[in-house]
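Heads up, the thing below is written out as structure tokens.
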Amino acid sequence: MDDVQGIVVENSRVVTGYYLITIRLVKSFGKVLPGQFVMLRIPRNTVFLRRPFSIYNYKTRLLSIMYKVVGIGTEALSTLHRDEKVYVLGPLGRGFKKSARRKAILIAGGIGIAGLHLLAKELRQRAVIYFGCESKKEVALLYDLREEMNIYVSTMDGTYGYKGTVVDLLKNRLETIPYNKMEIYACGPEPMLKALKNIIGDIRISCQILVEERMACGLGLCFGCVKKTMDEKEPYKRLCTEGPVFDIWEISL
Amino acid sequence: MYRRTGFRHMGNLSIKLLGKDIKNPVMNASGTLGYGKEITRLWNIETLGVYVTKGLSIKPHHGNPPPRVWEEKQGMINSIGLQNVGIECFFSEYFPFFKKKKTPVIVNFFGFTEEEYVACARMIEPHPLIIALEMNLSCPNIKKGGISFGKEAGGVYDIVRKVKAVTEIPVIAKLTPEVKDIVEIARAAYEGGADGFTLINTMPVLALDREKRLPVFRGGFSGPALKPIALKAVYSVYKEVPVPIIGAGGIIDYKDAIDFFTAGATAIQVGTATFIDPYSIPKIIQGIKDHMKEYRISTIEDITGCAHE
């Protein structure tokens, strides 16, 4: 783990409002685990703090991040062009714990797919993806996974796949899933994670979630990025060091 | 202008602070370097002149619900709410690490009442590595019963005097900039027995939601925009109170650090800069050394307060 300089190779739009940036690092990150993140220093004077992003892909010093434009930071990030220099601190945080024997269900809501992509690439045929989004256009976020994996899609407006939330889609199929042999990995907006926790509450299937919070240092120094836990003795845990992957039963949603 | 001295021994970073020899004048600001171990993934803790602890209380404190950080132009707002493991846990779990690394420590502490401040000071045993206790008289994120410590001279005098009465360790008062006259507060703390000052803490501020047209975040502001405010506080207090000042507020690079020394600071603390560049502290230490060599300054003491001449 280190603060490594990188050079933007490509920063292109996947679909309106969503981008994929690829950065060539001058020095290797070493081993990267699915679910880990980086703190990116965006070279624009409108942005003060670094920004945390899930590692979308990493291979031989090529780092990619898929992101949605949601505010000042991501807007500035979308203006970076080829050959610009950035600083990337990483890889940070605890990644997903992979079970060697169990099959996996990956549940992603919208840009949440960015946090599960690397895991999907590693699990391949051992995993199925449940992907939920607003409308047909966001299905493009599945990108290269579309050809390689078994995917169930839901859209809120019904323009593609099941009409409704991704958790409702999963709920309808839950009986067909041998859940004692399964593991769930989820990343998406909080209402999605909350709904997921509700429907699996009775079966207590193993489930890891990748969560986000406003962050300052990314290194565990400032205690800025905490999540509320179920543990009364330690009600706030740092997302950057104790997370960003947590057991769903550990976090108060 | 700097006082120029001979050619030899230029760039000696060591300072004398509260009777102790410290290898360099750079510390972290309380709460910006975790419990110390976290940063050792990037650099050695021995790099620091002094490690300043996260604000500690008599019992563990859970802090505020998220979000706890907010971005502004040229700075950030935090509302951590002083989450910490408590004094007892710090000394059993984390202090042995500093002993092993022989790194001097300033213990920052706070209470919700005067009695709690006194109880904290009592709990902390003297140790050769503990340079001082830093009293947080200024956290903008904690208020109980409408009392905000550190804003009124009489209250500051009382609380410092009571803390001084129960400890042999030197006491540093960390002051808030949100006062009418910081010199008056500093004088009161000095009369109460303060052995030094840290100037300044974050500035209480507000952020609004432009759509809802309502407050969206409150907390303490830090970052480069705070620097001139902090610099003036150091400059003003230096002339009036004859104890060492540790400068803090918006220090991003060695140039800021040099400004604080010339304004009157004996040492400096770096906080928010670490979040932007985690190597800020080692870079600032090296930058000060290089600057001293270039300008033929033999010790920090030679330039401390020279802006007043």
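Considering the stretch A:133-156 alone, what residues qualify as being within 20 Å of A:Met182 (Cα to Cα) and crowded, with 17+ Cβ neighbours inside 10 Å?
Hits for the stretch A:133-156 are A:Met149, A:Ile151, A:Tyr152, A:Val153.
Determine, yes or no, whether B:Asn108 is outside any loop (DSSP other than H, G, I, E, B) and polar (S, T, N, Q).
Taking the combined requirement at face value, the residue satisfies it.
Show the residue pairs that are 6+ apart or on different chains and have beta-carbon atoms under 9 Å apart, the first residue being within the stretch B:16-38 and aromatic (Phe, Trp, Tyr), the second being in a loop (DSSP other than H, G, I, E, B).
If the second residue must be in a loop (DSSP other than H, G, I, E, B), the pairs left are B:Tyr35/A:Gly220; B:Tyr35/B:Thr53; B:Tyr35/B:Lys54; B:Tyr35/B:Val85.
This table checks each residue for (1) over 29 Å from A:Tyr236 (Cα atoms); (2) within 14 Å of another protein chain (Cβ to nearest Cβ); (3) open to solvent by 10 Å² or more (accessible area, probe 1.4 Å).
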{"position": "B:Leu13", "(1), (2), (3)": "yes, no, yes"}
{"position": "B:Gly34", "(1), (2), (3)": "no, yes, no"}
{"position": "B:Glu71", "(1), (2), (3)": "no, yes, yes"}
{"position": "B:Asn78", "(1), (2), (3)": "no, yes, yes"}
{"position": "B:Val85", "(1), (2), (3)": "no, yes, yes"}
{"position": "B:Phe98", "(1), (2), (3)": "no, no, no"}
{"position": "B:Ile106", "(1), (2), (3)": "no, no, no"}
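If you scan the stretch B:240-287, which residues turn out to be within 14 Å of chain A (Cβ to nearest Cβ), in contact (Cβ under 8 Å) with a residue 60 or more places away in the chain and in contact with a helix residue (DSSP H, G or I) (Cβ under 6 Å, 6 or more places away or on another chain)?
Correct list: B:Gly250, B:Val270, B:Thr274, B:Pro282.
From the list B:Gly196, B:Gly155, B:Gly223, B:Gly150, which one is open to solvent by less than 50 Å² (accessible area, probe 1.4 Å), at pLDDT 95 or above and farther than 21 Å from A:Arg214 by Cβ?
Just a single option satisfies the conditions, and that option is B:Gly196.
Which pairs turn up if I take residues in the stretch A:39-62 that are basic (Lys, Arg) and look for partners that are in a loop (DSSP other than H, G, I, E, B) and open to solvent by 30 Å² or more (accessible area, probe 1.4 Å) with beta carbon separation below 6 Å, at least 6 apart in sequence or on another chain?
Listed pairs, sorted by first residue: A:Arg61/A:Ser28.
Can you tell me which residue among A:Ile203, A:Ile209 is within 23 Å of A:Ala100 (Cα to Cα) and open to solvent by 40 Å² or more (accessible area, probe 1.4 Å)?
Result of the check over A:Ile203, A:Ile209: A:Ile203.
For the stretch B:189-226, how many residues meet the condition of being in contact with a helix residue (DSSP H, G or I) (Cβ under 8 Å, 6 or more places away or on another chain) and more than 14 Å from every other protein chain (Cβ to nearest Cβ)?
The qualifying residues number 9.
Enumerate the strands (runs of 3 or more DSSP E) found wholly within the stretch A:28-122, keeping only those where 2 or more residues are open to solvent by 30 Å² or more (accessible area, probe 1.4 Å).
A:51-54, A:57-59, A:62-68, A:85-92
Quick check on the stretch A:34-50: of everything there that is closer than 11 Å to A:Val88 by Cβ and within 18 Å of the chain's Cα centre (by Cα), which residue is farthest from the other protein chains (Cβ to nearest Cβ)?
Ranking the candidates gives A:Phe37 first.
Working carefully through the options A:Gly30, A:Gly93, find the one that is modelled with pLDDT under 95 and within 14 Å of another protein chain (Cβ to nearest Cβ).
A:Gly30
Could you list all residues from the stretch B:39-58 that are open to solvent by 20 Å² or more (accessible area, probe 1.4 Å) and either closer than 19 Å to B:Gly249 by Cα or more than 12 Å from chain A (Cβ to nearest Cβ) (or both)?
Hits for the stretch B:39-58 are B:Asn44, B:Glu46, B:Thr47, B:Ile58.
Report the residue count in the stretch B:171-212 for those that are under 19 Å from B:Asp158 (Cβ atoms) and out of contact with any Pro (no Cβ under 6 Å at 6 or more places or on another chain).
23
The values are calculated or read from the model by the stated rules, or taken from the named source; none is laboratory data. Please read these numbers as outputs of a predicted model, since none were measured by experiment. FYI the Cβ positions are ideal-geometry reconstructions off the backbone, even for glycines, and counts take in every protein chain you see. With ligands, DNA and RNA removed, areas are computed over all heavy atoms of the protein, side chains included. Shrake-Rupley method; radii C 1.70, N 1.55, O 1.52, S 1.80 Å.
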